[in-house]
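Engineer: The structure follows.
The values are calculated or read from the model by the stated rules, or taken from the named source; none is laboratory data. In this text, all values refer to a predicted model and were calculated from it rather than measured experimentally. Neighbour counts run over all protein chains shown; Cβ positions are idealised from the backbone, glycine included. Surface accessibility is based on the protein's heavy atoms, side chains included, excluding ligands, DNA and RNA. Shrake-Rupley method; radii C 1.70, N 1.55, O 1.52, S 1.80 Å.
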Amino acid sequence: EELAMIAEAEPIEGEIFELPEMVINLNDPDVTYLKIGIALVLEEGTLAADFEPEAAIAKDVILADLTARNAAELRDPMGKQAVKDELSIEVREAYDDAKFVRVLFTGMVMQ
């Protein structure tokens, strides 16, 4: 029973790993692209230097998700937070619920 409680505990945040800025085509006829800066909050004990070779996994998940979105979802503050929450879940699943905690947006421009 004690082990089950530990397994369900929220991961502790550690180092932050910044992905290179990305330019993404949105699924939106009025807005052609999104330029976005993303940082990944890693789980305590996962070092950014060790994570770097695996960062492409997160980038792939993020690109697949964001290219299906439209500008309205990302302009609305509540929508933006929902996108970050969904991305965080998707990326954490890609790492088998380890190493990674959540996504941060460090910059965003749509045109």
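Engineer: With a cut-off of 8 Å between alpha carbons and a minimum separation of six or more residues, what is the relative contact order of segment 5-111 in percent?
Structural biologist: Across segment 5-111, relative contact order equals 35 percent.
Engineer: Still on this model: How large, in percent, is the carbon and sulfur part of the accessible surface of the chain at a probe radius of 1.4 Å?
Structural biologist: Solvent-exposed carbon and sulfur of the chain make up 52 percent of the total.
Engineer: Also, I was wondering about something else. In terms of modelled amide H atoms, which long-range or inter-chain residues lie less than 5 Å from the amide H of Tyr33?
Structural biologist: Leu26, Gln111
Engineer: Can you tell me the length gained on complete extension of the stretch Thr67 to Lys35, counting 0.36 nm per residue apart and subtracting the Cα distance?
Structural biologist: Full-extension gain reported as 10.4 nm.
Engineer: If you average over every viewing direction, what projected area does the convex hull of the Cα atoms of the chain give, in nm²?
Structural biologist: The directionally averaged projection comes out at 7.3 nm².
Engineer: Which GluC sites (Glu not before Pro) in segment 21-111 pass both tests, a DSSP loop state and at most 13 other beta-carbon atoms within 10 Å?
Structural biologist: Details: sites: Glu21, Glu43, Glu44, Glu54, Glu73, Glu86, Glu90, Glu93; in loops: Glu21, Glu44.
Here the sparse-neighbourhood loop sites are Glu21, Glu44.
Engineer: If you don't mind, another one. Could you check the simple spin-label distance between Met108 and Asp96, using points 7 Å along Cα→Cβ, in nm with one decimal?
Structural biologist: Distance between label points: 3.2 nm.
Engineer: For segment 13-21, take each phi angle, set θ = phi - 60°, evaluate the Karplus expression 6.51 cos²θ - 1.76 cosθ + 1.60, and give the result in whole Hz per residue in order, putting x for glycine and proline.
Structural biologist: 6, x, 5, 10, 10, 8, 7, x, 4
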